[in-house]
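Q: Let me give you the structure first, and then I'll get to my questions.
The values are calculated or read from the model by the stated rules, or taken from the named source; none is laboratory data. In this text, all values refer to a predicted model and were calculated from it rather than measured experimentally. All Cβ positions, glycine included, derive from the backbone under ideal geometry; neighbour counts span all protein chains shown. Side chains are part of the model used for accessible areas, which takes the heavy atoms of the whole protein and leaves out ligands, DNA and RNA. Shrake-Rupley method; radii C 1.70, N 1.55, O 1.52, S 1.80 Å.
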Amino acid sequence: MFPTVREVLALDPVRHGGPRVVAGAAGLDRLVRWVHAAEVPDIAALLSGGELVLTTGIGLPGDDAGLRAFIGELADVGVSGLLVELGRRYPAAVPRAMVTAAERRNLPLVELCRVTPFVRITEAVHGLIVDAQLAELRATEEIHQRFTELSVEGAEPAEVVRQAAVLAGCPVILENLSRQVLAYDPAGESAELLLRGWEQHSRRIRPTGRTGYDPDAGWLYTTVGARGQDWGRLLLRWPTGELPSGASGGPSTRLTILIERAASTLALGRLIRRDAEGLERQIHRTLLTALLDHTRPVDEVALRSRALGVPLDRRHLVGVVVRYRADEAGAGAAAGGPAGQARLRDLAEAVGQALRDAELTGLASTLDDQAVGAVLALRDAGNEESALAAFAAALDRVRLDAGPTAARPYGAPGAVIVAAGSGVGTVREARRSLIEARQVADAARRGRRDLPVYRLPQVGLAGLLHLLRDEPRLQTFVERELGPLLTHDAEHPREQLLGTLRGYLESGRNKSAAAAAAHLSRPAFYERLARISRILRVDLDSVDDCLSLHVALLALDAVRDG
């Protein structure tokens, strides 16, 4: 936003004075925040840094020591440069002592060989600064307008990141709390180089707040989240080498505004849900969403559901989630793509038809881009198992009638998982049952059993953690338990103490067996364990500490494999 000393010297009022750089040429790219004319030797006390000082020298000390002190005080306060008009005090050149002192402190010292009205220099430089500030305001307005449009359009994260990279002219990366890249734009640079070893590189970026700049790593960053739920981080690469020499403070305010506005758009986009179903299915989805997200009072949900012919009051309610076990090949079948949406709508219709064929009452609709949800309303709690079995069998029949891809064998693209939560007795508790069913459905994808209906007892810990892999609280748990060790391994890639910890825990804490499996001597292996204990501040002989670390390792695997 500010001109450099070099740019100031190119202005017509300055060129009129015949400028000649006699010292500190290496500092000509320093930024000029303001111009100050002064004829007193103690002017440094009135300055705050970034000023270009103009003087005729008539008030400067007459001895070399005084001149050296004058230059030193200007350099200490951080002025951008010193312009001295020759003629009044110094007829042909500034004293050699000033030149030597300025060169030693890398302070640009410029002689003006002809008489130059300082007011013209001041007006020209301040005009540049004001114009730059206006341009900055216009650019900021463009940023707000662009991201407002993206928010209204419900743009995908990849598009938001792309627009941020276009506006900044720098690479931009969106990562989750586990340092996994969700979206990126290299801004014309090599994507392979940008993303190579990203997790380790990201862990070296030391956060100092929600938004900040790490000059060592060269990344401007901000946290992404809404409603108190942080789920990622947006980063913009701005190496310190791209700053003008002598400049400080990192990227401009405009870039900070840009990255924060982009983060807000990403957070808002995550809250937006879109759907293109029929009216009845939309109402079903509205009610299911209200149960899950508490967007409407429970009594209102029950009233509207009863008006649809699905009474929920005084019923035994069971949450059910149906999803495909494996994704179909082809880009069009990806979640959110046209083929994927059509495939999910077909599944939703099949679920609705299965409810009718099994003579069951309930709400049914898509929940997200992967799953169809339902809340079964049963008159008798004792009929829960038989009702679920009848629904699963009816769904099989409906899907078999629809085509040959509906077969159930494990891994087949058309195979589906039917998962059910625990039965509950009130509408208020239906949310818990539905969430449990969704968790069971997601976790069951990692198993190899083929059951008509999956319930919570059939889901192991690894599957449960896989299901929770995108949950910020789980990622926070992993960072809290293993973050220091992961950071240590990123900074010391030859050691990889995480593998040592994994081997120790997987061997049942048998140090001798773990050392043999790692092909290390027992003393060397014990020393590694001691280092891990110091880094994580845990007791590896404690069952509780080791249990927590083992769960964190399983969660880390689930996050990385997600």
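Q: First measure r as the distance between the Cβ atoms of residue 137 and residue 206, then evaluate 1/(1 + (r/R0)^6) with R0 = 22 Å and state the FRET efficiency to the nearest 0.05.
A: 0.10
Q: Moving to a separate point now. Which shape class applies to the range 93-194: rounded if a/c is under 1.5, otherwise prolate when a/b exceeds b/c and oblate if not, where a ≥ b ≥ c are the square roots of the Cα gyration tensor eigenvalues?
A: It comes out oblate by the Cα gyration axes.
Q: Then there is this: May I have the pair-distance distribution P(r) for the range 78-127, computed from all Cα-Cα distances with 5 Å bins from 0 and rounded to whole percent?
A: 5, 18, 26, 23, 18, 10, 1
Q: On average, how much area does the Cα convex hull of the range 1-71 cover when viewed from any direction, in nm²?
A: 5.4
Q: Report the gain in length on full extension from residue 527 to residue 92: 0.36 nm times residue separation, minus Cα-Cα distance, nm rounded to one decimal.
A: Full extension of this stretch gives 149.4 nm more.
Q: Here's something else I'd like to know. I need the peptides 9-20, 133-144 ranked by packing, meaning the mean over residues of other C-beta atoms within 10 angstrom, with the highest value on top.
A: In decreasing order of mean packing, 9-20, 133-144 become 9-20, 133-144.
Q: Here's another thing I want to ask about it. Determine the principal axes of the Cα atoms in the range 46-98, then give the extent along each, sorted from largest to smallest and rounded to whole angstroms.
A: Projected onto its principal axes, the Cα set of the range 46-98 covers 30, 21, 16 Å.
Q: Then there is this: Using a 1.4 angstrom probe on heavy atoms only, work out the carbon and sulfur share of the accessible area of the range 1-105 in %.
A: So the carbon and sulfur contribution to the accessible surface is 54 percent.
Q: Just from its helices, what would the mean residue ellipticity at 222 nm be for the chain, if runs of 4 or more DSSP H residues each count -39500 (n - 2.57) and the sum is divided by every residue, rounded to the nearest 500 deg cm²/dmol?
A: After summing the helix terms and dividing by residue count, I get -15000 deg cm²/dmol.
Q: Output the peptides 109-117, 376-384 sorted from most to least packed, where packing is the average of other Cβ atoms within 10 Å over each peptide's residues.
A: 109-117, 376-384
Q: For the range 19-68, what does the accessible surface come to per residue with a 1.4 Å probe? Please give it in Å².
A: Roughly 44 Å² per residue, with all protein chains present.
Q: Further question: With +1 on each Lys and Arg Cβ and -1 on each Asp and Glu Cβ, and nothing else charged, work out how big the dipole of the chain is about its Cα centre, in Debye to the nearest 20.
A: 760
Q: So, one more: How far apart, in nm, are two points set 7 Å out from the Cα along the Cα-to-Cβ line at residue 342 and at residue 326?
A: 2.2
Q: Let me ask something else. Please give, to one decimal in nm, the separation of the simple spin-label points placed at residue 166 and residue 39, each 7 Å out from Cα toward the Cβ.
A: Between residue 166 and residue 39, the simple spin-label model gives 5.6 nm.
Q: What per residue convex hull volume, in Å³, do the alpha-carbon atoms of the chain yield?
A: 209
Q: For the range 286-296, take each phi angle, set θ = phi - 60°, evaluate the Karplus expression 6.51 cos²θ - 1.76 cosθ + 1.60, and give the result in whole Hz per residue in order, putting x for glycine and proline.
A: With coefficients 6.51, -1.76 and 1.60, one gets 4, 6, 5, 5, 4, 5, 6, 9, 6, 7, 9 Hz.
Q: Taking the mean number of other Cβ atoms within 10 Å as a proxy for protection, how do you rank 429-440, 33-44, 537-548 from highest to lowest?
A: 429-440, 33-44, 537-548
Q: Still on this structure: What is the local net charge at residue 159, summed over the other residues whose Cβ is closer than 10 Å to its Cβ (Lys, Arg +1; Asp, Glu -1)?
A: -2
Q: Need the C-alpha centroid separation for the range 455-483 versus the range 26-91, integer Å.
A: Using only Cα atoms, the two centres lie 62 Å from each other.
Q: Work out from phi, with θ = phi - 60° and the Karplus expression 6.51 cos²θ - 1.76 cosθ + 1.60, the ³J(HN,Hα) of each residue of the range 265-270, listed in order in whole Hz, and give x for Gly and Pro.
A: Listing the rounded values in order: 5, 5, 5, 5, x, 5 Hz.
Q: For the range 154-215, what % of the accessible area comes from carbon and sulfur atoms, probe 1.4 Å?
A: Percent of accessible area from carbon and sulfur atoms in the range 154-215: 52.
Q: With N set to the residue count of the range 486-555, report its C-alpha Rg divided by 2.2 N^0.38 Å to two decimal places.
A: It is 1.02.
Q: Set the Förster distance to 35 Å, then compute FRET efficiency between residue 294 and residue 547 from the Cβ-Cβ distance, nearest 0.05.
A: Using R0 = 35 Å, I get an efficiency of 0.55.
Q: Over all alpha-carbon pairs of the range 167-218, lay out the pair-distance distribution in 10 Å bins, whole %, shortest bin first.
A: Distribution as computed: 21, 58, 20 percent.
Q: Now, a different point. Using only alpha carbon positions, build the gyration tensor of the range 131-243, then give the equivalent ellipsoid semi-axes as the square roots of 5 times its eigenvalues, largest first, whole angstrom.
A: The equivalent ellipsoid of the range 131-243 has semi-axes of 22, 18, 15 Å.
Q: Once you sort the root eigenvalues of the Cα gyration tensor of the range 442-535 as a ≥ b ≥ c, which label holds: rounded (a/c under 1.5), prolate (a/b larger than b/c) or oblate (the other case)?
A: oblate
Q: Which ³J(HN,Hα) values, rounded to whole Hz and listed in residue order, are derived for the range 120-137 from phi using the Karplus coefficients 6.51, -1.76 and 1.60 in 6.51 cos²θ - 1.76 cosθ + 1.60 with θ = phi - 60°, glycine and proline given as x?
A: With the stated coefficients, the range 120-137 comes to 5, 5, 4, 4, 5, 5, 5, x, 4, 5, 5, 4, 5, 5, 5, 4, 5, 5 Hz.
Q: So if I average 1/r over every pair of distinct C-alpha atoms in the range 45-142 and take the inverse, what Kirkwood radius in Å does that give?
A: Kirkwood hydrodynamic radius for the range 45-142: 14.9 Å.
Q: Picking from 102, 155, 124, whose Cα lies most toward the positive end of the charge dipole for the range 102-225 (charges on Cβ: Lys, Arg +1; Asp, Glu -1)?
A: It is 102.
Q: Further, regarding this structure: Please give the length that would be gained between residue 356 and residue 495 if that part of the chain were fully extended, namely 0.36 nm times their separation in residues minus their C-alpha to C-alpha distance (nm, one decimal).
A: In short, 44.0 nm is gained.
Q: Between residue 257 and residue 119, how high is the FRET efficiency from 1/(1 + (r/R0)^6) when r is the Cβ-Cβ distance and R₀ = 45 Å? Nearest 0.05.
A: The formula returns an efficiency of 0.85 here.
Q: Taking amide H atoms as placed 1.01 Å from N in the peptide plane, list the residues 5 or more away in sequence, or in a different chain, whose amide H sits under 5 Å from that of residue 47.
A: none
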